């Protein structure tokens, strides 16, 4: 399973590529919408990871875990409110925003496939080493 840091790093790269492509071929508004959409999901995953670590630490210590458990749905409500404000007040380009939000999914898929291929190579190398040691005996 890929780490959150790997996903975030890849998401930034996908965002940069998507934003530049939208700027070059669609419009500056679509590019800005992409940056805002990706910013929302990047911030969301960062906060979720932080809350998860705090929840794990508090559960191990036995204190305050309920408070953090309540913070996770509250975070969801705050993100939904932020997205509403982005569309109602800022009037961001919806297609660009959707592309920006989708960068997270692309980053997760990319990192998962990359991790799977790395594990596959490692296991194939180990199997080959076992086969070679069995032949030399």
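Every number here is computed from the coordinates shown, using simple stated rules; none is lab data. All values derive from a computational prediction rather than experimental measurement. Please note: Cβ atoms are built from the backbone with ideal geometry, for glycine as well, and neighbour counts cover all protein chains shown.
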Scan the range 12-36 for residues that are part of a helix (DSSP H, G or I), more than 19 Å from the chain's Cα centre (by Cα) and surrounded by fewer than 16 Cβ atoms within 10 Å (Cβ to Cβ) and jot them down. 20, 21, 24, 25, 28, 29
Starting from the range 14-30, take each residue that is touching a residue at least 40 places away in the same chain (Cβ under 8 Å) and on the phi > 0 side of the Ramachandran plot and list its partners that are surrounded by 15 or more Cβ atoms within 10 Å (Cβ to Cβ) and in a helix (DSSP H, G or I), counting only C-beta distances under 7 angstrom and pairs at least six apart or across chains. none
It is to be established whether one or more residues within the range 51-70 are in a helix (DSSP H, G or I), within 25 Å of residue 6 (Cβ to Cβ) and either in contact (Cβ under 8 Å) with a residue 24 or more places away in the chain or in contact with a strand residue (DSSP E or B) (Cβ under 9 Å, 6 or more places away or on another chain) (or both). yes
Identify, by number, the condition in (1) loosely packed, with under 14 Cβ neighbours inside 10 Å; (2) on the phi < 0 side of the Ramachandran plot; (3) without any contact (Cβ under 8 Å) to a residue 24 or more places away in the chain that residue 91 doesn't meet. (2)
